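Down below is the structure, laid out as structure tokens.
Every read-out reported here was derived from the displayed coordinates using simple, explicitly stated rules and does not represent laboratory data. Bear in mind that the values here come from a model prediction, so they are computed numbers and not experimental data. All Cβ positions, glycine included, derive from the backbone under ideal geometry; neighbour counts span all protein chains shown.
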Amino acid sequence: MKKIIIQITALFLLLLIPVLFFTGCYNDSKEYLYPELTGGCDTTNVTFIGSVLPITDANCKSCHSGSSPSAGLNIENYTQIKALADDGRLVNVINATGGYPLMPQGAALPDCSIKTIEIWVAAGAPNN
Ligand code: HEC
């Protein structure tokens, strides 16, 4: 009787090994779970309020706001950001092109943020 129990237990463990092995191979890929971390960039519905303003609020406002902003430029609301979009400086500074300094200073925005701003500017920088 004892022998049978040992045999059944051994069989059970043997069957368990491949199950554990294959569940270990379950592919919870980083790309699938966190597309924004790995280059996946959702630009299907770019808007000023939903897409662009959060980027400038988080990355530009610290220097470009208040009564003495860097370069005398406030980057806080639609009117101010629209003006920079229309004169080309917004896209130029985030890419450090056209002889403009890279913004934010020192470290470029993530590719997805650059792409998002470019899409919005190319659409005419609408107030949406
Ligand atoms: C750490 C502070 C800081 C941050 C953050 C920052 N800027 Fe600036 N920005 C400056 C300074 C200082 C200048 C002026 C010095 C210069 O021209 O290099 C400037 C200049 C500019 C200019 C004028 C460029 C020109 O030559 O006409 C624009 C446009 C600009 N920034 C846009 C942005 C945008 C857009 C962001 C966010 C994506 C941003 N900045 C983030 C400090 C900052």
Can you find a residue that is in contact with a Phe, Trp or Tyr (Cβ under 9 Å, 6 or more places away or on another chain) and touching a residue at least 24 places away in the same chain (Cβ under 8 Å) anywhere in segment 108-117? no
Take the residues in segment 91-103 that are small (Gly, Ala, Ser) and either surrounded by 18 or more Cβ atoms within 10 Å (Cβ to Cβ) or more than 9 Å from the ligand (Cβ to nearest atom) (or both), then tell me which one is nearest to GLU118 (Cα to Cα). ALA96
Unmet criterion (only one of (1) of a type outside the set (Lys, Arg); (2) near the ligand (Cβ under 8 Å from one of its atoms); (3) surrounded by fewer than 18 Cβ atoms within 10 Å (Cβ to Cβ); (4) not in a loop (DSSP other than H, G, I, E, B)) for GLY106: (4)
Extreme residue, surrounded by the most Cβ atoms within 10 Å (Cβ to Cβ), among residues of segment 80-90 that are more than 17 Å from ALA58 (Cβ to Cβ) and more than 9 Å from the ligand (Cβ to nearest atom): ALA85
Keeping to segment 42-64, report how many residues are away from the ligand (no atom under 11 Å from the Cβ) and either part of a helix (DSSP H, G or I) or surrounded by fewer than 15 Cβ atoms within 10 Å (Cβ to Cβ) (or both). 11
Top-ranked residue in segment 65-79 [being more than 10 Å from the ligand (Cβ to nearest atom) and assigned to a helix (DSSP H, G or I); ranked as farthest from LEU53 (Cα to Cα)]: THR79
If a residue must be outside any helix (DSSP H, G or I) and of a type outside the set (A, V, I, L, M, F, W, C), how many such residues does segment 80-103 contain? 7
